[in-house]
Amino acid sequence: MINAAAREEILQRIRDAKVPAAQPVIRGYNQKGPGGVELFAERVADYRAIVHTVSNVPEALTSLQGKRIVAPPDVPEEWLVDGVTWLREPLSIEELDQADGVLTGCAVAIADTGTIVLDGGEAQGRRALTLLPDYHLCVVRADQIAASVPEALQRLEPTRPLTFISGPSATSDIELNRVEGVHGPRTLEVLIVT
Amino acid sequence: MARNPVTWLGSPTFPKAAKIALADTQLRQNLRKATGTIRGRRAAAVAEMTDWEQLRVAGEQIKDDVLSRLDTLLLQLEESVTARGGVVHWARDAAEANRIVLDLCRAENASEVVKVKSMATAEIGLNEALEAGGVHAIETDLAELIVQLGDDRPSHILVPAIHRNRSEIREIFQRRMGVEVSDEPADLAEAARVYLRQKFLTTKVAVSGANFAVADTGSIVVLESEGNGRMCLTLPDTLITVMGIEKLVPTWQDLEVFLQLLPRSSTAERMNPYTSVWTGVTPGDGPQKFHLVLIDNGRTATLTDSIGRQALRCIRCSACLNVCPVYERTGGQSYGSVYPGPIGAILTPQLVGDMHDPQAASLPYASSLCGACFEVCPVRIDIPSVLTHLRAEVVEAKGRTAESVAMAAAAWIFASASRYEKAQKAGSLARFLARDGRITSLPWPGSKWTSSRDVPAPPAESFRAWWRKNRCQK
Ligand code: SF4
């Protein structure tokens, strides 16, 4: 404990405020949604991300030919197609910064909002991997797509480092209109595997 | 007790500041354009949700629950964060919080820190305090950067540079970054990217705020758009997060409500581009030192007020600013605080906690009580009721001064379309109210409003309805 006096005083002030007990929370909102690959694809595309529905990942990786692409330690072997310079951990910040892109999987996706969630688990790597390269190619399996935000949160483990990604980086700071492309990857491409 | 930096030292009272702001036609044009855009987009994003009202009710109830057992939940949060390798600090006021952060920076030998936009750190004046202690804070959010480079003050809680249009931003960037750049938003964003890149890659300490903290897991949540947040939360060795004690939610499940309410209310998106969640320290991923600074700074005092405490439900979405007719006319800086607009009018005076402070006491009058703020608020804060309640407190504290009478009269006129029309027809609102001799003109002159003077207002029409109808035509 660093400043016990402040802690005690704040807690005491809260108790002295004597806020009455609150009503139980009524969760009358939707837990589920229509869901589905199509809705997810449509909503991701709304953010001006590039979306493809594919049946075979390696075949869909031709656009990476000749590029220097980061691949997390545990991506499936078959994704590491020939003709691509695969950058593998350990990678320094500078190496990540100079890569052409990164290829990952994801933990969960959300159809309702067109969101991809990374949790540092299988085929995702640590957070810096998907942050510094300017291009992120993310593979989403159809069974990873949750219909709604409530459903997605249930599937996630909150104590893992999570990144919710909805489209490429953007800003609304100039005249409150959305402009894509600031500090995070400026191009987001999503491969939905059915 | 030291003065609370939530209001800016030397700020005039709201009517005086508003009068100056109203003379700035560029400012009003910029605001009208920006708030008009976001109002329309927000309405569309909300209309898509069939369960919006249920989400609002749940949001309100979860936050009320938090406020009713804040002590228990804070202790729970402290325990979960500590168990995951974080260090929790408590600060009674701004000075104490600033000292804690400065000491932490010094312990890391940091002369520079990168910052991700945070209302809490703006409220306590952290940047100035760090600067005085020899640590330079670099704002990395685009709008914050515009404010910082322009030696300006924020005017909106989500987009602090909302009062600047693209050509003004271009001028600031050219002057301060020494680069040639066009006024295309994409080019301006690119300029910010280039300017900040090396800072992100090399700075060892980051300071952030928090949108939510989950008591039972110790998870901290930051919503953002640009990726500057991810940079700050991921790349440095040390992360210091400063958070108001009311930012809690009890459980992970509760986030399902706020992750739906907040993006649609603030940037009118189904989801903001990036949301980061972290719990203490994760070996091999992200900062290996994590400090959480919990600040009171007037919140526990606010908690004692049974009507006023609902302001602590606020999730800082800024929807109430974007719909407020007074805010749109006067701009955010007139409120003299990092919290402008309707939420500022009820939160700032409560955090200051002194109704004898003329500036803070003028804020509850910065409203026509039209109710638009309550309608859009995702956590259903009844801002008009709190305003009325605080006005009564002002009168109780100061008595009926000439100023409070005039302010109340102005508010009364604004509350009804027919009264407003009459006041305008009488010559000017200013003359209508000039009798007390101290107010020589009203904060809201008719210049822009007169364009709609010939729109007939039915006598029974509320100001709200009248405003709705007329502002769309401008
Ligand atoms: S008071 Fe409500 S509408 Fe205003 S910023 Fe806070 S949460 Fe948003």
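From other protein chains only, count the Cβ atoms within 10 Å of every residue's Cβ in B:79-89, then give the mean. All intermediate terms of the calculation are to be shown ahead of the outcome.
On the way: counts 0, 1, 0, 1, 1, 1, 0, 0, 2, 3, 5.
Counting other chains' Cβ atoms within 10 Å and averaging over B:79-89 gives 1.
Once amide H atoms are placed 1.01 Å from N in the peptide plane, what residues at a sequence separation of 5 or more from residue B:162, or on another chain, have their amide H within under 5 Å of its amide H?
Under 5 Å from the amide H of residue B:162 lie the amide H atoms of B:155, B:156, each far enough along the sequence or on another chain.
Can you tell me the order of B:235-242, B:12-19 when each peptide is scored by its average per-residue count of other Cβ atoms within 10 angstrom, highest first?
Numbers: B:235-242: 23.4, B:12-19: 21.0.
Top of the packing list down: B:235-242, B:12-19.
Would you mind checking which residues have amide H under 5 Å from residue A:111's amide H? H placed 1.01 Å from N; only 5 or more apart, or other chain.
Hits under the 5 Å cutoff: A:146, A:147, A:148.
Share of the protein assembly as shown's accessible area from carbon and sulfur, percent, 1.4 Å?
On the way: 12110 of 23530 Å².
Using a 1.4 Å probe with all protein chains present, the protein assembly as shown comes out at 51 percent carbon and sulfur.
Given the -39500 (n - 2.57) contribution per DSSP H run of 4+ residues, what per-residue ellipticity at 222 nm results for chain A, rounded to the nearest 500 deg cm²/dmol?
Values: 4 runs with 37 residues, N = 194.
So the helix-based figure for chain A works out to -5500 deg cm²/dmol.
Sorted by packing (mean other beta-carbon atoms within 10 Å per residue), highest first, where do A:178-184, B:29-35, A:155-161 land? Walk me through the numbers on the way to the answer.
Values: A:178-184: 23.7, B:29-35: 19.6, A:155-161: 17.9.
Order by mean packing, descending: A:178-184, B:29-35, A:155-161.
Give the long-range amide H neighbours of residue A:53: residues separated by 5 or more places, or on another chain, with amide H under 5 Å away, using H modelled in the peptide plane at 1.01 Å from N.
A:192
What is the Cα centroid distance between the stretch A:154-169 and the stretch A:84-144, reported in whole angstrom?
12
If you take every DSSP beta bridge whose two residues both sit in the protein assembly as shown, what share of them, in percent to the nearest 5, is antiparallel? The partial results should precede the final answer.
Numbers: 25 of 72 bridges.
DSSP beta bridges in the protein assembly as shown are roughly 35 percent antiparallel.
Over the stretch A:49-193, give the accessible area per residue in Å² for a 1.4 Å probe, as an integer.
Numbers: 4700 Å² over 145 residues.
I get 32 Å² per residue for the stretch A:49-193.
Distance in nm between label sites at residue A:143 and residue B:132, each 7 Å beyond Cα in the beta-carbon direction?
6.0
For a Förster distance of 45 Å, can you work out the FRET efficiency between the beta-carbons of residue B:72 and residue B:398, rounded to the nearest 0.05? Before the final figure, lay out the partial values.
Details: r = 38 Å, r/R0 = 0.83.
Between residue B:72 and residue B:398 the formula returns 0.75.
Let me have the relative contact order for the stretch B:310-398, percent, based on Cα pairs under 8 Å that are six or more residues apart. Intermediate results must be reported in sequence, preceding the final value.
Numbers: 115 pairs, mean separation 28.1, N = 89.
Contact order relative to length: 32 percent.
For a protection proxy built on the mean count of beta-carbon atoms within 10 angstrom, sort B:126-136, B:55-65, A:77-87 highest first, please.
On the way: B:126-136: 16.7, B:55-65: 22.5, A:77-87: 14.1.
Final packing ranking: B:55-65, B:126-136, A:77-87.
What average count of beta carbons from other chains do you get within 10 Å of the Cβ of residues in B:228-235? Working shown, then result.
Working: counts 5, 2, 10, 5, 1, 4, 9, 6.
Taking the mean over all residues of the peptide, I get 5.
Given R₀ = 30 Å, FRET efficiency for residue B:82-residue A:18 by Cβ-Cβ distance, to 0.05? Present the calculation step by step, with values, prior to reporting the outcome.
Numbers: r = 28 Å, r/R0 = 0.93.
The computed FRET efficiency comes out at 0.60.
Considering only A:167, A:152, A:51, whose Cα is most displaced toward the positive end of the charge dipole of the stretch A:49-193, charges sitting on Cβ of Lys, Arg (+1) and Asp, Glu (-1)?
The listed residue farthest towards the positive side: A:152.
Go ahead and collect, in residue order, the members of the stretch B:150-172 whose backbone nitrogen is under 19 Å from a label point 7 Å along the Cα-Cβ direction of residue B:26.
B:150-156, B:160-172
Using the Karplus curve 6.51 cos²θ - 1.76 cosθ + 1.60 with θ = phi - 60°, work out ³J(HN,Hα) for each residue of the stretch B:126-131 in order, rounded to whole Hz, and write x for Gly and Pro.
4, 4, 5, 5, 5, 4
Apply 1/(1 + (r/R0)^6) to the Cβ-Cβ distance of residue A:154 and residue B:51, taking R0 = 22 Å, and write down the FRET efficiency to the nearest 0.05. If you can, show how the numbers build up before the last one.
Working: r = 17 Å, r/R0 = 0.78.
About 0.80, to the nearest 0.05.
What dipole magnitude, in Debye to the nearest 20, does the protein assembly as shown give about its Cα centre under +1 on Lys/Arg Cβ and -1 on Asp/Glu Cβ?
Values: 73 positive and 80 negative charges, 615 e Å.
Roughly 2960 debye for the protein assembly as shown.
Provide the net charge surrounding residue A:51, with neighbours chosen by a C-beta distance below 13 Å and charges set as Lys +1, Arg +1, Asp -1, Glu -1.
Details: positive: A:43, A:48; negative: A:38, A:42, A:46, A:189.
Result for the neighbourhood of residue A:51: -2.
Would you mind giving the mean number of other chain beta-carbons within 10 Å of the Cβ of each residue in B:257-268, as a whole number?
Numbers: counts 5, 1, 8, 7, 1, 0, 3, 1, 0, 1, 6, 3.
Per residue, the number of nearby Cβ atoms from other chains is 3 on average.
May I ask you to derive the relative contact order of the stretch A:60-194, considering only C-alpha pairs under 8 Å and at least 6 residues apart, and to give it as an integer percent?
Working: 272 pairs, mean separation 32.4, N = 135.
It rounds to 24 percent for the stretch A:60-194.
Each label point is 7 Å from the Cα along the Cα-to-Cβ direction; what then is the distance between the points at residue A:122 and residue B:251, in nm?
2.8
Could you check the simple spin-label distance between residue A:98 and residue A:4, using points 7 Å along Cα→Cβ, in nm with one decimal?
It is 5.3 nm.
Roughly how many Å² is the accessible area per residue of the stretch B:310-398, as a whole number, for a 1.4 Å probe?
Working: 1860 Å² over 89 residues.
With all protein chains present, the stretch B:310-398 gives 21 Å² per residue.
Net charge around residue A:18, counting only other residues with Cβ within less than 13 Å of its Cβ (Lys, Arg = +1; Asp, Glu = -1)? Provide the component values of the computation, followed by the final result.
Details: positive: A:13, A:15, B:69, B:309; negative: A:16, B:71, B:305.
Result for the local shell: +1.
Straight distance only, please: which aspartates and glutamates reach the Cα of residue B:204 with their own Cα at less than 16 Å, same-chain residues fewer than 8 apart left out?
Partners found: A:94, B:103, B:108, B:112, B:139, B:237, B:285.
Around residue B:288, what is the net charge, scoring Lys/Arg as +1 and Asp/Glu as -1 over all other residues with Cβ under 15 Å from its Cβ?
Numbers: positive: A:126, A:127, B:84, B:204, B:289; negative: B:108, B:237, B:285.
Surrounding charge for residue B:288 is +2.
Got a sec to turn the phi values of the stretch B:160-173 into Karplus ³J(HN,Hα) couplings, 6.51 cos²θ - 1.76 cosθ + 1.60 with θ = phi - 60°, whole Hz, x for Gly and Pro?
With coefficients 6.51, -1.76 and 1.60, one gets x, 9, 4, 7, 9, 8, 4, 6, 5, 5, 4, 4, 5, 5 Hz.
Using θ = phi - 60° and the Karplus curve 6.51 cos²θ - 1.76 cosθ + 1.60, what whole-Hz ³J(HN,Hα) does each residue of the stretch A:144-153 get, with Gly and Pro shown as x?
Here the 3J(HN,Hα) series is 8, 7, 7, 6, 10, 4, x, 5, 5, 5 Hz.
Within the set A:32/B:117; B:247/B:289; A:18/B:117; A:18/B:16; B:117/B:289, which residue pairs have Cα atoms separated by over 29 Å? Intermediate values should be presented prior to the final figure.
Working: A:32/B:117 33 Å; B:247/B:289 22 Å; A:18/B:117 33 Å; A:18/B:16 38 Å; B:117/B:289 20 Å.
Violating the 29 Å Cα-Cα cut-off are A:32/B:117; A:18/B:117; A:18/B:16.
What is the distance in Å between the Cα centroid of the stretch B:306-384 and that of the stretch B:207-231?
Going from one Cα centre to the other spans 24 Å.
The values are calculated or read from the model by the stated rules, or taken from the named source; none is laboratory data. Only a predicted model underlies this, so the values are computations on that prediction, with no experimental measurement involved. As a convention, Cβ positions derive from the backbone with ideal geometry for all residues, glycine included, and neighbour counts pool all protein chains shown. With ligands, DNA and RNA removed, areas are computed over all heavy atoms of the protein, side chains included. Shrake-Rupley method; radii C 1.70, N 1.55, O 1.52, S 1.80 Å.
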